[in-house]
Ligand code: GDP
Ligand code: MG
């Protein structure tokens, strides 16, 4: 009965921080499963009477396995495929985190950051009929940036994964909690 939500994204985009944020959000949390620890990857939540199970799919895998996402070699392609398969296997809805501070570091070309990994996750989710929500995380790092840099982020928020029709892109900060109130409404609406 529970709506299963996969939290996916490259290493260090903030998946664990987001899980902790959800767990700490007392209006959402109904109680972790017995034995929930730092290493656990699932959390049961409720929002407006609906049950959700949020899963950090990468949490089951040794992080060393995912260290080289940013390379575009064949081995990396295999890992992106694996992660994409895990997300659709575990969940009804796929949430893809992107670190917007990396967009800034990557310059004006969105494609310099949004590469094979994001495309693989998105395409696989939609191929399996899973709604996809993109979270533009670490928005707190955009404050104080130049107008040019903010424009790069705005472009991403507006156009994001434009090849994937109807994908919602929500600006958040898992660290500060910014935008978190939009996550469950978006999930519930998408489902
Ligand atoms: P994971 O590998 O995807 O699980 O990423 P983590 O949750 O471990 O976060 C990686 C790093 O990014 C940590 O140092 C976090 O504190 C930091 N981080 C996560 N979310 C945010 C955010 O919204 N803003 C900022 N500034 N840092 C964040
Ligand atoms: Mg993690």
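Coordinate-derived values only; no laboratory data. Since this is a predicted model, take the numbers as computed values, not measurements. Virtual Cβ from ideal backbone geometry, glycine too; neighbours counted across all protein chains shown.
Given R₀ = 45 Å, FRET efficiency for residue 146-residue 123 by Cβ-Cβ distance, to 0.05?
0.85
Can you pull the one-decimal nm distance between simple spin-label points at residue 2 and residue 158, each 7 Å off the Cα toward Cβ?
Once both label points are built, they end up 4.0 nm from each other.
Only counting other Cβ atoms within 10 Å, I'd like 156, 117 sorted with the fewest neighbours first.
156, 117
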